[in-house]
Amino acid sequence: MRSFILGTDWWTDCDDVVALRLLARAHKAKEINLRGIIINACMEHSVASLEGFLNTEEVYNLPLAIDLEATDFGGNPPYQKRLSQFSKKYHSNADAEDAVKLYRTILANTDSPIELIEIGYPQVLAALLQSKSDDICQHDGITLVKNKVSKIWMMAGKWDNNPDKENNFARNERSRTAADILCDICPVPITFLGWEVGANVITGGDLEKDDPLYLALYDHGSFNGRSSWDPMLCLLALIGNEEKAGYSTVSGTASVDAKTGENYFSAKRDGLHKYVIKQKEDEYYAAAINKLIK
């Protein structure tokens with residue numbers, strides 16, 4: 001069984017909630033082992049609302065962690081307060097583990113490779129890579145990731161122009177600097193799904209009105225569904241093969257300007273990075289996601 005750790009900016013947009021339903025249902029069905037979730041944008045009800053949503057999915061006791069310093073992304077979370085009413089274990093962000101510590105703990109204690117899914121900001125992954133030997137593990141972050149992580153699936157960047165800009169990389173100084181570090185020093189393969197892939201694929205518009213997922217979409221104002229950046233990335237990761245999931249790929253080396261947040265891509269056959277290009281009509285991907293979230 002494949003194992004994953006999810007990183008999410010569980011923040012102001014609701015496509016993270018759609019994405020988490022895909023993973024929660026796969027975990028509950030024992031198709032995957034979701035080992036933990038890392039929140040990399042900190043709002044008042046971040047942890048409680050995430051646990052609350054997992055409880056409505058009947059997925060209990062997953063380890064949750066948060067970057068408590070990640071308060072500088074701005075915005076107002078429209079759906080978190082409603083979801084937090086379903087929490088039982090985590091009542092405040094302070095109840096959760098430190099983000100890098102949880103990454104290091106899970107990776108240090110696994111005997112089989114783990115895949116990382118990142119649908120949020122990159123600063124926790126960058127901090128993991130820059131982490132030093134400690135009482136959790138004798139290895140530094142780069143060595144730990146190299147030894148225990150087989151692949152990273154990441155929703156970030158905009159790859160149909162070179163250079164271009166996208167929120168998860170370019171939001172603020174924190175994300176820009178971290179994106180530069182991640183692309184530069186990460187020792188394992190990364191497949192990127194860019195903004196241009198999910199913008200016009202709309203999912204979640206045909207749910208029951210009392211479904212907690214629909215209520216999150218409703219609170220966000222996405223009554224007829226939402227762009228599917230994060231769900232498409234998670235479905236791609238669950239399938240585990242870009243071609244089978246309906247994409248072609250470009251291989252090479254991704255980089256991010258730490259000052260501007262612009263992302264670049266240098267194509268080469270043996271590069272450690274890839275970005276995906278849709279090979280199907282938008283409805284193909286929307287139908288696949290909608291089928292799994294109903």
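The values are calculated or read from the model by the stated rules, or taken from the named source; none is laboratory data. On a predicted model such as this, the values are computed, not experimentally measured, just so you know. All Cβ positions, glycine included, derive from the backbone under ideal geometry; neighbour counts span all protein chains shown.
Is it the case, given these coordinates, that residue 136 is under 22 Å from residue 273 (Cα atoms) and of a type in the set (Val, Ile, Thr)? So residue 136 does not fit the description; no. For first residues located in region 3-31 and in contact (Cβ under 8 Å) with a residue 12 or more places away in the chain, partners that are polar (S, T, N, Q) and part of a helix (DSSP H, G or I) and lie 6+ apart or on another chain with Cβ distances below 7 Å form the pairs 10/46. Annotation: of all residues in region 169-211 being aliphatic (A, V, I, L, M) and in a helix (DSSP H, G or I), the one that is farthest from residue 67 (Cα to Cα) is 197.
Examine region 132-144 for a residue that is in contact with a strand residue (DSSP E or B) (Cβ under 9 Å, 6 or more places away or on another chain) and over 24 Å from residue 234 (Cα atoms), and state whether such a residue exists. Checked region 132-144: no residue is in contact with a strand residue (DSSP E or B) (Cβ under 9 Å, 6 or more places away or on another chain) and over 24 Å from residue 234 (Cα atoms).
Within region 20-44, restricting attention to residues that are surrounded by fewer than 18 Cβ atoms within 10 Å (Cβ to Cβ) and among the charged types (D, E, K, R), the residue that is modelled with the lowest pLDDT is 44.
Applying a threshold of 8 Å to beta carbon distances and a minimum spacing of six or more residues, or different chains, the list of pairs starting in region 143-164 at a residue that is at positive phi and ending at one that is in a helix (DSSP H, G or I) and surrounded by fewer than 24 Cβ atoms within 10 Å (Cβ to Cβ) reads 157/195. Selection of region 62-77 for residues being closer than 18 Å to residue 20 by Cα and modelled with pLDDT of 95 or more yields 62, 63, 64, 65, 66.
Considering (1) closer than 23 Å to residue 177 by Cα; (2) among the aliphatic types (A, V, I, L, M); (3) surrounded by 19 or more Cβ atoms within 10 Å (Cβ to Cβ), say which one residue 47 fails and leave the rest. For residue 47, the failing item is (1).
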